[in-house]
Amino acid sequence: MRQPRTAGTYLRRVLVVAYLFLLVIWPVALVVQKTFEGGLDNLQTALSDPVVTDALQLTVVVALWAVAINTVFGVGISLLLVRYEFPGRRILSALIDLPLSVSPVVVGLALLLAYGGTNGTFGPALEDVGLQVAFATPGIVMATAFVSLPLVIREIVPVLHEIGTEQEQAAKSLGAGAVQTFRRITLPSIKWALVYGVVLSLARALGEFGAVKIVSGNVAQQTQTATLVVEQKYQDFEQGSAYATSFLLALIAVAALVVVTILRPKDDTDEH
């Protein structure tokens, strides 16, 4: 039964809308406005600049690798947390949220201490066998995957709790193996949670700045991602290219979220 609408209800709605407008909608709308202030000139200038196009290409490659890593490990860790009892499970669950509570700059510095080629714990040994992590694409992928991993796990874990284990146990009692049970029972049940987590992870990966700036070295046309290009272009008084690059990053992330929202079944959205 619906509660009667009061003045307080409308006031709360106005406050929420105003908050979202001032914090999200208006600033993003200003970026879009600045991007198209001179028509398509800013976009054309940005897309004809090799520094920008190389950065966009690297950003997409890094984001796809990070999302692939987070998909595999996100599903595995989610199943481990929900389906198994083991010492330290609560500690592992708390550690999953570490990337959300620690500054990305700290993450980048930690990766440098571990994988730096000069003073890193593992970096010199890895470089001796031909694998450079810090100031190279592998380090950028690691930093991006680290900061976006919780987004996949925190979407899947509640769904696994909700669906329980009855169907999985029934499948096992009928002779299904672990892989077959996962493929036919578990995966279809968590499908949309996984997809949504992947999209959130993709959006986060595209926009990562702090950790990437520390671990990449920020070398133009080599280890410079799109977010770093935005900073450089803005500081170099090339605001048009900065606005255009920001718009492209936002467009990809928002488009992915909108597509998933449209395709996601309504019943699934209501239930989960």
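The values are calculated or read from the model by the stated rules, or taken from the named source; none is laboratory data. Since this is a predicted model, take the numbers as computed values, not measurements. A quick note on method: Cβ atoms are made from the backbone with ideal geometry, for glycine too, and the neighbour counts reach across all protein chains shown. Heavy atoms of the whole protein, side chains included, go into the accessibility calculation; ligands, DNA and RNA do not. Shrake-Rupley method; radii C 1.70, N 1.55, O 1.52, S 1.80 Å.
Below, the figures for the structure above:
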item	result
Filter result for the condition that a residue is under 24 Å from residue 189 (Cα atoms), hydrophobic (A, V, I, L, M, F, W, C) and either part of a helix (DSSP H, G or I) or open to solvent by less than 10 Å² (accessible area, probe 1.4 Å) (or both), over 91, 153	153
Selection count, region 98-135, where residues are in contact with a helix residue (DSSP H, G or I) (Cβ under 8 Å, 6 or more places away or on another chain) and outside any helix (DSSP H, G or I)	13
Helices (runs of 4 or more DSSP H) wholly inside region 1-66 containing at least 1 residues that are open to solvent by less than 40 Å² (accessible area, probe 1.4 Å) and in contact (Cβ under 8 Å) with a residue 40 or more places away in the chain	26-35, 41-47
Some residue of region 138-155 being among the polar types (S, T, N, Q), touching a residue at least 60 places away in the same chain (Cβ under 8 Å) and either in contact with a Lys or Arg (Cβ under 6 Å, 6 or more places away or on another chain) or farther than 26 Å from residue 60 by Cβ (or both)	yes
